[in-house]
Amino acid sequence: MTILDVKNIVKIYGGSSEEGSTTALGGVSLSVNEGEFIAVMGPSGSGKTTLLNVLSGIDTPTSGEVLIAGQELSEMKGDDLALFRRKKLGFVFQDFNLLDSLTVKENILLPMVLERKTTTEMEAKLDDLASIFEIKSILPKYPYTISGGQQQRTAVSRALVNEPAILFADEPTGNLDSKSSAVIMECFEKIVNELSTTVLLVTHDVFAASYCQKVVFIKDGLIHSYIVKKGSRKEF
Ligand code: ADP
Ligand code: ADP
């Protein structure tokens with residue numbers, strides 16, 4: 001089933017400014033199935049951030065459509081869009097974005113607390129995620145006392161607690177050494193395989209992209225080419 005359907009997205013910045021305009025996206029179409037693990041790669045300035053912002057409802061396209069789980073993003077405004085983003089989308093960033101005043105456990109459960117989930121639901125979810133991400137021992141700790149890799153695994157767990165239809169990961173390995181990068185990419189692989197989570201990764205990191213089933217290359221705001229892998233990443 002298609003979970004993300006992107007139809008001919010154009011994004012032009014500064015259309016009315018005197019310095020002229022920048023076409024950040026020149027007509028991008030993309031279809032992502034449920035449970036797919038996809039990477040978007042491209043040089044700096046190619047439009048990756050703009051694409052991610054448009055797909056996740058942070059920015060509106062100049063033209064084109066984005067459907068997530070059958071819902072057209074541009075048809076939602078204000079509170080409805082905010083609610084949709086909170087319930088249906090998960091986000092992971094390069095710099096983790098954890099709250100230092102909360103423990104790992106509290107950080108992970110925060111989105112569930114905001115959704116007023118029951119303690120039983122929260123404990124069950126925490127148990128599942130802590131075993132997938134191997135973070136049981138650090139649950140009572142504070143973010144500034146754990147490693148970068150552990151912080152990122154905490155951030156990914158937090159992004160998953162409300163079972164998003166799609167998880168957007170923007171350079172998630174950008175601040176990690178190669179060993180921690182491998183661990184986090186294996187975690188993404190696990191959630192794709194075991195929880196059928198859909199993950200869209202935006203990255204410069206070829207090693208990270210090698211874990212994905214499909215790699216889309218963008219250049220000058222257009223999809224330039226893509227690679228679909230057959231089996232494990234060894235066959236890439
Ligand atoms: P990437 O993430 O691949 O580095 P971006 O999406 O950030 O690419 O940028 C694509 C193009 O759009 C670049 O030429 C960039 O300078 C331009 N751009 C991005 N955001 C803005 C903005 N808010 N206003 C004007 N131009 C922008
Ligand atoms: P990255 O390299 O991580 O993709 P960028 O440095 O390209 O990030 O962009 C960071 C932020 O600045 C983005 O939100 C992008 O939309 C914005 N931006 C990029 N280029 C421009 C620009 N020429 N004018 C205004 N904002 C821009």
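Just need a number here: residues in region 50-102 that are small (Gly, Ala, Ser) and more than 30 Å from residue 180 (Cβ to Cβ). Break it down into steps so the answer makes sense when it comes.
Taking region 50-102 and keeping what is small (Gly, Ala, Ser), we get 56-57, 63-64, 69-70, 74, 78, 82, 90, 101.
Filter again for more than 30 Å from residue 180 (Cβ to Cβ), leaving 63-64, 69-70, 74, 78, 82.
Final tally of qualifying residues: 7.
Pairs please, first residue from region 20-40 and open to solvent by 10 Å² or more (accessible area, probe 1.4 Å), second anywhere and within 11 Å of ligand 1 (Cβ to nearest atom) and among the aliphatic types (A, V, I, L, M), Cβ atoms under 6 Å, 6+ apart in sequence or on different chains.
21/12; 23/12
Return the residues of region 168-187 that are under 26 Å from residue 54 (Cβ atoms) and among the hydrophobic types (A, V, I, L, M, F, W, C); say none if nothing qualifies. Full working, then the answer.
Start the filter on region 168-187 by keeping residues that are under 26 Å from residue 54 (Cβ atoms), which leaves 168-175, 184-185.
Scanning region 168-187 gives 168, 169, 184, 185.
Sort out which residues of region 43-71 are on the phi > 0 side of the Ramachandran plot, touching a residue at least 60 places away in the same chain (Cβ under 8 Å) and within 13 Å of ligand 2 (Cβ to nearest atom), and write them in order of number.
Matches in region 43-71: 47 only.
Which one of the conditions (1) open to solvent by less than 60 Å² (accessible area, probe 1.4 Å); (2) not in a helix (DSSP H, G or I) does residue 134 fail to meet, given that it meets all the rest?
(1)
Provide a single number: the residues in region 163-188 that are open to solvent by less than 30 Å² (accessible area, probe 1.4 Å) and outside any helix (DSSP H, G or I).
Result for region 163-188: 10.
Looking only at region 137-162, which residues are open to solvent by 80 Å² or more (accessible area, probe 1.4 Å) and either hydrophobic (A, V, I, L, M, F, W, C) or in a loop (DSSP other than H, G, I, E, B) (or both)?
Hits for region 137-162 are 140, 141, 142.
Would you check which residues across region 19-41 are on the phi > 0 side of the Ramachandran plot and in a loop (DSSP other than H, G, I, E, B) and list them? Before you say what the answer is, go through the steps one by one.
So in region 19-41, the residues on the phi > 0 side of the Ramachandran plot come out as 20, 27, 35.
Answer for region 19-41, where residues must be on the phi > 0 side of the Ramachandran plot and in a loop (DSSP other than H, G, I, E, B): 20, 35.
Inside region 189-213, can you point out the residues that are open to solvent by less than 30 Å² (accessible area, probe 1.4 Å) and not aliphatic (A, V, I, L, M)? Before the answer, list the steps.
Filtering region 189-213 down to residues open to solvent by less than 30 Å² (accessible area, probe 1.4 Å) leaves 191-192, 197-203, 208-212.
If the condition is that a residue be open to solvent by less than 30 Å² (accessible area, probe 1.4 Å) and not aliphatic (A, V, I, L, M), then 197, 198, 203, 210, 211, 212 are the ones that fit.
Output the number of residues of region 214-224 satisfying the condition of being part of a strand (DSSP E or B) and open to solvent by 50 Å² or more (accessible area, probe 1.4 Å). Reasoning before the result, please.
Let us first name the residues in region 214-224 that are part of a strand (DSSP E or B), namely 214-219, 222-224.
Right, trim to open to solvent by 50 Å² or more (accessible area, probe 1.4 Å) and you get 217, 219, 222-224.
Selection size over region 214-224: 5.
Looking at region 27-36, can you tell me whether even one residue there is in contact with a Cys (Cβ under 9 Å, 6 or more places away or on another chain), more than 16 Å from ligand 2 (Cβ to nearest atom) and under 17 Å from residue 199 (Cβ atoms)? So that I can check it myself, show each step before the final result.
If we filter region 27-36 for residues that are in contact with a Cys (Cβ under 9 Å, 6 or more places away or on another chain), which is where we start, we get 36.
If we keep only those that are more than 16 Å from ligand 2 (Cβ to nearest atom) as well, we get 36.
Narrowing further to those that are under 17 Å from residue 199 (Cβ atoms): 36.
Yes: region 27-36 contains one or more residues that are in contact with a Cys (Cβ under 9 Å, 6 or more places away or on another chain), more than 16 Å from ligand 2 (Cβ to nearest atom) and under 17 Å from residue 199 (Cβ atoms).
So for region 179-197 (the condition being within 16 Å of ligand 2 (Cβ to nearest atom) and over 14 Å from the mean Cα position of the chain (by Cα)), does at least one residue qualify?
Our first condition is that a residue be within 16 Å of ligand 2 (Cβ to nearest atom); within region 179-197, this holds for none.
Checked against the condition, which is being within 16 Å of ligand 2 (Cβ to nearest atom) and over 14 Å from the mean Cα position of the chain (by Cα), region 179-197 yields no hits at all.
Condition test on residue 173, is it among the hydroxyl-bearing types (Ser, Thr, Tyr) and farther than 30 Å from residue 43 by Cβ? Please lay out each step first, then the result.
Details: among the hydroxyl-bearing types (Ser, Thr, Tyr): yes; farther than 30 Å from residue 43 by Cβ: no.
No, not satisfied.
Among the helices (runs of 4 or more DSSP H) lying completely within region 43-129, list those that include at least 3 residues that are exposed (fewer than 14 other Cβ atoms within 10 Å of the Cβ).
Numbers: elements: 48-55, 78-88, 104-114.
The helices (runs of 4 or more DSSP H) meeting that bar are 78-88.
Can you name every residue in region 1-20 that is over 14 Å from residue 61 (Cα atoms) and within 13 Å of ligand 1 (Cβ to nearest atom)?
Residues satisfying the conditions are 16, 17, 19, 20.
The values are calculated or read from the model by the stated rules, or taken from the named source; none is laboratory data. Because the structure is a prediction, the values reported are computed rather than measured. Neighbour counts run over all protein chains shown; Cβ positions are idealised from the backbone, glycine included. Just the protein is used for accessible areas: all its heavy atoms, side chains included, with ligands, DNA and RNA removed. Shrake-Rupley method; radii C 1.70, N 1.55, O 1.52, S 1.80 Å.
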